[in-house]
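Undergrad: Sharing a structure with you now.
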Amino acid sequence: MNMQKIGEQIAVLRKSKGLTQNELGERLGVSFQAVSKWERGETLPDVAVLPDLAKVLETTVDFILNGGEKSVEYKGKISVSDMIHGLRSFENMGRLLGKENIIYRSAVNGIDEAMNTDIEEAFANDYAFEAFVAEAVIQNLKMGAYVDVTDVKNSFKHEHFRKIVLDYCGRYGLK
């Protein structure tokens, strides 16, 4: 374990959240001096604090302790085009089964309710559809999937969604 890299990773993640050392310490019930020592690589966070630290920094304990390098194996590779194809499958289901078919309506209503949105409107709106694609990629990243960062850079038309997905890639150690 490289304490210096761990400290640097904590500092990077803390700053990316816009937190001061004092604010992070308050959230974790430790002093800002303790946070400062972690970030300088002088000490490590107590084992009992690590889960809360990871939660506040929106990452994993593993990612922190590996100094920002992902050590777990990915659970499979995805591509942005696969996410687009999967989402377009819902649109095709409506065309093939009929938009009033109970199977189609149940699928669409489930998505709309869970995400507080209207996926049918997204089928006709390029920007809204790309938001769904970004969400699909992010959800897969959270479940341990791997996506090639170059694929992300080349596949998103809207810079806004490209940046969001690339930020998540960085959180999960993909460069």
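Undergrad: If a/c stays under 1.5 just call it rounded; otherwise compare a/b with b/c (prolate if a/b is bigger, oblate if not). Do that for the range 3-65, with a ≥ b ≥ c from the square roots of the Cα gyration tensor eigenvalues.
TA: rounded
Undergrad: For each of F129, F161, count neighbouring Cβ atoms within 10 Å of the residue's Cβ, then give the residues from fewest to most.
TA: Least crowded to most crowded, the residues run F129, F161.
Undergrad: Let me ask something additional. Given an 8 Å cut-off on Cα distances and at least 6 residues of separation, report the relative contact order of the chain as a percent.
TA: Value for the chain: 21 percent.
Undergrad: Hull surface divided by four, with the convex hull built on the Cα atoms of the range 21-102: how many nm²?
TA: It is 9.4 nm².
Undergrad: List V165, V30 from most exposed to least, where exposure is judged by having the fewest other Cβ atoms within 10 Å.
TA: Neighbour counts put them in this order, fewest first: V30, V165.
Undergrad: Still on this model: For the chain, would you read off the P(r) tail past 27 Å as a percentage of all alpha carbon pairs?
TA: Percentage above 27 Å: 42.
Undergrad: Lys pairs in the chain, Cα-Cα under 12 Å, at least 8 apart or on separate chains: how many?
TA: Pairs that pass both the separation and distance tests number 5.
Undergrad: At a Förster distance of 30 Å, what's the computed FRET efficiency of S31 paired with L166, Cβ-Cβ distance as r, to 0.05?
TA: 0.30
Undergrad: Fewest Cβ neighbours within 10 Å first, please rank I164, I64 accordingly.
TA: If I rank by nearby Cβ atoms, fewest first, I get I164, I64.
Undergrad: Would you work out the charge dipole size for the range 27-131 about its Cα centre, treating the Cβ of every Lys and Arg as +1 and the Cβ of every Asp and Glu as -1, and quote it to the nearest 20 debye?
TA: 240
FYI, it's all coordinate maths here, none of it is from the lab. Predicted model, so just to flag it, every value in this text is computed and none were measured. Every residue, glycine as well, gets a Cβ built from its backbone with ideal geometry; the counts of neighbours run over all protein chains shown.
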